[in-house]
Amino acid sequence: MVLAVWLVPFTYTWITWMPDASATSVIKRHHQQCLASTKHTRIRDTGMRKDDSTKVWPLKQEQLLHIEDHDFSTRPGFGGSPVPVGIDVQVESIDSISEVNMDFTMTFYLRHYWKDERLAFPSRTNKSMTFDHRLIQKIWVPDIFFVHSKRSFIHDTTVENIMLRVHPDGNVLFSLRITVSAMCFMDFSRFPLDTQNCSLELESYAYNEEDLMLYWKHGNKSLNTEGHISLSQFFIEEFSASSGLAFYSSTGWYCRLFINFVLRRHIFFFVLQTYFPAMLMVMLSWVSFWIDRRAVPARVSLGITTVLTMSTIVTGGSASMPQVSYVKAVDVYMWVSSLFVFLSVIEYAAVNYLTTVEEWKQLNRRGKVSGIYSIDAVQAMAFDGCYHDSETDVDQTSFSLHSEEDSMRTKFTGSPCTDLSQIKRKSMGGNVGRIILENNHAIDTYSRIVFPIVYIIFNLFYWGIYV
């Protein structure tokens, strides 16, 4: 009986805990099988990686270049000799040249070469690695800036145009595509027959010659151009590279590189727009010397027209030219041409005045007066619109306001001016040219020769000096 009492609790306990123990043993067995399978899979994958030589399993850039193991806030070889940085430039284009702002805009590829042993890495194939702009912020690069630059930017389409190439021995190539607008100190004393010398200057901002030494990587061959660079108003005569030193009183001496280029202006545009119209106006003003000195409206209107046209040419040309405080070559030509046009007007004023004085003297010498009111040749021309020659018309014509005979003659026979004109036309016949030449003033005769000769001499001196 006592044995039965002890068997009942033992039986109940065994029935309750026995299934959990079995499940636990099954789970442990399954876990051991999974571990064994995973280990076998890893061993197999490792064997496949070793067998497949076409795949490369790279490490992180920081681990491969040991970036985290070095302090790149200092230059290579800090405390020792200056680090040499070679520069190579390939000019892509010269976008614009502004005479008004005295600057130019250039797009080019700027390449830096230096050695940083902190970036050396082991390589069996001795091949370099190329990176984009994301690695630039983590390593040391030269701090090159452009002296006298106004604006500059690195192209970022479609991504930032920056390339970094690292060789196993630590040699680094840093290349970027950049556009710079810089000043060009121009001299316009010979404009538009001028030649301008412009330069783009490169220099380290923080490191003087004791820390960084800039030099052209391949000497004069370090500066290359992208094919043929053409400009609308200039012809590029020469591209050259040079170097020098710049001194700052507070920081010392700095290495500086120069990109020099010579620009020669195309003259044909200004010949068509400025010089040729000015020449035409000057020659047109000479036509007045061949017009009868008594044709006042014709000669005055021609002189005023040429003067106003020259003023328009000078004003229009000055609007598109640089505003400088000294005299330019085009100013000399334009103002001398304006002076010739102005002198042609003054010449006729002198001729007209001397002609009037001469006629007054002739009439005073004759002393012929007819009627109550007598007039001279000039007054007669102003009165009836006809020219009265001093030897014919004035001697034979007298005017009287109280003469009924003259009024009746005018009424029935027409204007006396008309009759006299018809008689003179018949009498002159084919001698018109001879009469015009004989009636010319001596000033007109000399002006026909002196003005062209002096203007031709001026042109010979002008083009000989400036060209």
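The values are calculated or read from the model by the stated rules, or taken from the named source; none is laboratory data. In this text, all values refer to a predicted model and were calculated from it rather than measured experimentally. All Cβ positions, even for glycine, are placed from backbone atoms using ideal geometry, and neighbour counts span all protein chains on display. What goes into the accessible areas is simple: the full protein's heavy atoms, side chains included, and nothing from ligands, DNA or RNA. Shrake-Rupley method; radii C 1.70, N 1.55, O 1.52, S 1.80 Å.
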Problem set entry | Segment Ser152-Ser232, length gained on full extension (0.36 nm per residue, minus Cα span) | 26.5 nm
Exercise. When all protein chains stay in place, what accessible area (Å², nearest 10, 1.4 Å probe) is found for Tyr446?
Worked result: 150 Å²
Seminar exercise, completed: Relative contact order as a percentage, the stretch 110-254, C-alpha pairs under 8 Å and 6+ apart, gives 25 percent
Seminar exercise, completed: At q = 0.11, 0.13, 0.22, 0.23 Å⁻¹, the log10 of I(q)/I(0) for the stretch 214-340 from a Debye sum over equal Cα scatterers comes to -0.65, -0.76, -1.21, -1.27
Exercise. How much solvent-accessible surface does Ser344 expose, in Å² to the nearest 10, with a 1.4 Å probe and all protein chains in place?
Worked result: 0 Å²
Exercise. Could you sort His266, His441, His112 by accessible area so the largest value comes first, with the probe set to 1.4 Å?
Worked result: His266, His441, His112
Seminar exercise, completed: On the formula 1/(1 + (r/R0)^6), with r taken between the Cβ atoms of Ile136 and His266 and R0 of 25 Å, the FRET efficiency rounded to 0.05 is 0.05
Exercise. Can you give the convex hull volume per residue for the Cα atoms of the stretch 245-286, as a whole number of Å³?
Worked result: 134 Å³
Exercise. Rank Tyr455, Tyr326 by accessible area, highest first, at a 1.4 Å probe radius?
Worked result: Tyr326, Tyr455
Problem set entry | the stretch 282-361, accessible surface, carbon-and-sulfur percent (1.4 angstrom probe) | 74 percent
Exercise. Based on the alpha-carbon gyration tensor of the stretch 79-126 and its eigenvalue square roots a ≥ b ≥ c, which shape applies: rounded if a/c is under 1.5, prolate if not and a/b is larger than b/c, or oblate?
Worked result: oblate
Problem set entry | Rounded percent of accessible protein surface that carbon and sulfur make up, the stretch 150-199, 1.4 Å probe | 51 percent
Exercise. With every protein chain present, what is the per residue accessible area of the stretch 109-264 (1.4 Å probe, Å²)?
Worked result: 54 Å²
Problem set entry | Difference of contour (0.36 nm per residue) and Cα-Cα distance, Val327 to Ile456 | 44.3 nm
